[in-house]
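The structure appears below as structure tokens.
Since every read-out is calculated from the coordinates, none of them should be taken as a lab result. Just so it is clear, the structure is predicted and the values come from calculations on it, not from any experiment. When we count neighbours, we look across all protein chains shown, and the Cβ atoms used for this are built from the backbone with ideal geometry, even at glycine.
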Amino acid sequence: MDNQKPRWYVVHTYSGHENKVKTTIEKAVANRNMEDIIARVEIPVEQVVETTKTGKEKIRERKIFPSYVLVKMIMTDESWYVVRNTKGVTGFVGPGSKPVPLSEDEVLAMGIDDDTQRYADGDIDLELGDNVKIMRGPFRDHIGKLTELNLEKREVKISVDLFGRQTLVTLELESIEKL
């Protein structure tokens with residue numbers, strides 16, 4: 001069972017408890033030295049442009065799937081127990097008590113896939129000012145100009161035309177493609 005590859009599972013939480021659940025699972029993983037079994041815990045968010053009462057536009061993060069947390073793990077009795085018995089968790093998504101992992105297509109569609117790193121370290125062919133296409137997330141298919149590149153954090157800032165205005169958007173390096 002140790003040679004299994006971690007898969008993504010969906011965990012249902014009480015409304016508004018997503019961040020607490022994520023933190024609690026991560027602490028349990030660290031305390032029990034389970035980093036090789038429970039690899040990641042994610043709460044998918046998107047950047048949303050909102051107009052304030054004064055007419056100003058501001059960008060804030062919004063949970064894409066409220067009341068759900070995604071956990072990349074190898075399903076064992078212990079990992080199931082740790083996640084299932086976390087305060088705020090109501091259960092795994094799946095028929096009955098059997099958790100069902102997300103398919104690769106579902107993972108790619110959510111933009112949380114970290115296994116396919118298109119830009120391996122040292123193999124990055126990007127320069128400031130390059131035109132890039134956003135490949136996933138809420139700004140998918142938008143084209144923008146690369147204004148900042150942070151290899152350490154694997155983040156980029158792209159200037160994108162939103163609502164007739166150039167807006168800076170921070171994205172993961174893997175979510176863009178050079179044109």
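Below is a table of values for the structure above.
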read-out	value
Segments classed as strands (runs of 3 or more DSSP E), wholly inside the range 19-96, with at least 3 members that are under 28 Å from R136 (Cβ atoms), in contact with a Lys or Arg (Cβ under 6 Å, 6 or more places away or on another chain) and among the acidic types (D, E)	none
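Residue by residue, here is whether (1) aliphatic (A, V, I, L, M); (2) out of contact with any strand residue (DSSP E or B) (no Cβ under 9 Å at 6 or more places or on another chain); (3) on the phi > 0 side of the Ramachandran plot holds:
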{"residue": "W8", "(1), (2), (3)": "no, no, no"}
{"residue": "H17", "(1), (2), (3)": "no, no, no"}
{"residue": "V49", "(1), (2), (3)": "yes, no, no"}
{"residue": "R62", "(1), (2), (3)": "no, no, no"}
{"residue": "S67", "(1), (2), (3)": "no, no, yes"}
